[in-house]
Amino acid sequence: RREEARARLEAACQELRSSEGWIRFAKARALLRGYSLPNTLLILSQRPDATRVASFRHWQELGRQVRRGERALRIWAPSVRRERDEATGEETSAVRAFGLVPVFDISQTDGPPLPEPPPLYPLTGASHTHLLGQQAREAGYAVDRQAEMPVGAEGFVDHRARRIVLHRGLEPNAQVAVLVHELAHVHGARYQDFGRAGAEVVAETAAFVALSAVRLDTAGQAVPYVAGWADTAPKEMVTY
């Protein structure tokens, strides 16, 4: 099983080399936010349509039952042991190993429906304006708005002046989406590290996942944007 999991993980990384594979991963990452990157890839490789994954026992706690005959998905989980310090007598938890454990997607279970997630909000509204500015200020960047922008740009980062510039003509929610994308550049998706194409793929993927968590619907712009850059991004960025 360990060798099979390693092979699945390697195959999943190879899938990320194509724009279609990367977009499929980004959508899964947005839905499976509670799982690590390797486990997200493992889940995706075993069940590409997974939306909500949990252990057999956790599904029972939620009032649902895994159907007889369903094949478990295998993901890595830490083996934690309690240890006592002989000198102080204090007990601590330590991860000693990782093992493969079974989990199941909601589509493999029967039972009462779970609460529906909050609705998605469109970019044309102003529902998320409370998110404007705070994260930028915490990062030490000011947020400015301009009517005149570089050709084709809806936003950009001026690292020297420590400011993020947004297109003044955008709807408020669209400004939030662009701001989160630019913050991804601030926090590490730099051109000098990934090249322009690679940095844009990383930044928009991060923005898509983060904005999905607050139920802002950016798929209409994020998917074509990532697809436009992914095929020219450096392939090494998805293999380490």
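The values are calculated or read from the model by the stated rules, or taken from the named source; none is laboratory data. Model, not experiment: these values are computed from the prediction. Using ideal geometry, Cβ is built from the backbone for each residue, glycine included, and neighbour counts are taken over all protein chains shown. Ligands, DNA and RNA are excluded from the accessible area calculation, which covers all protein heavy atoms including side chains. Shrake-Rupley method; radii C 1.70, N 1.55, O 1.52, S 1.80 Å.
A few remarks follow.
- Members of the range 16-34 that are surrounded by fewer than 18 Cβ atoms within 10 Å (Cβ to Cβ), more than 15 Å from Ile75 (Cβ to Cβ) and among the charged types (D, E, K, R): Arg17, Glu20, Arg24
- Considering the range 18-54, the residues that are among the charged types (D, E, K, R), at pLDDT 85 or above and over 21 Å from Gly198 (Cα atoms) include one that is nearest to the chain's Cα centre (by Cα), namely Arg52.
- Residue count for the range 52-66 satisfying the condition of being closer than 30 Å to Gly21 by Cβ and surrounded by 13 or more Cβ atoms within 10 Å (Cβ to Cβ): 7.
- Near pairs, Cβ below 6 angstrom, 6+ apart or cross-chain, from the range 130-156 (under 17 Å from Leu183 (Cα atoms) and without any contact (Cβ under 8 Å) to a residue 60 or more places away in the chain) to any residue that is open to solvent by less than 80 Å² (accessible area, probe 1.4 Å) and part of a loop (DSSP other than H, G, I, E, B): Val143/Gly133
- Any hit, the range 86-103, residues being closer than 29 Å to Ala219 by Cβ and of a type outside the set (Asp, Glu): yes
- Condition check for Glu148 on (1) part of a loop (DSSP other than H, G, I, E, B); (2) acidic (Asp, Glu); (3) within 24 Å of Ser19 (Cα to Cα): one failure, at (3).
- Test result for Ala203, hydrophobic (A, V, I, L, M, F, W, C) and buried (at least 22 other Cβ atoms within 10 Å of the Cβ): yes
- Any hit, the range 75-91, residues being under 21 Å from Phe25 (Cα atoms) and in a helix (DSSP H, G or I): no
- Of everything in the range 1-17 that is in a helix (DSSP H, G or I) and of a type in the set (A, V, I, L, M), the residue that is nearest to the chain's Cα centre (by Cα) is Ala12.
Okay, residues lined up against (1) of a type in the set (Val, Ile, Thr); (2) open to solvent by 70 Å² or more (accessible area, probe 1.4 Å); (3) in contact with a strand residue (DSSP E or B) (Cβ under 7 Å, 6 or more places away or on another chain); (4) without any contact (Cβ under 8 Å) to a residue 24 or more places away in the chain:
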site	(1), (2), (3), (4)
Arg68	no, yes, no, yes
Arg84	no, yes, yes, yes
Ala87	no, yes, no, yes
Ala94	no, no, yes, yes
Phe98	no, yes, yes, yes
Phe104	no, no, yes, no
Gly111	no, no, yes, no
Glu116	no, yes, no, yes
Leu120	no, yes, no, no
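- Unique residue being modelled with pLDDT under 95 and part of a strand (DSSP E or B) when the list is Gly99, Gly188: Gly99
- In the range 211-230, of all residues being open to solvent by 20 Å² or more (accessible area, probe 1.4 Å) and in contact with a strand residue (DSSP E or B) (Cβ under 9 Å, 6 or more places away or on another chain), the one that is farthest from Tyr121 (Cα to Cα) corresponds to Val214.
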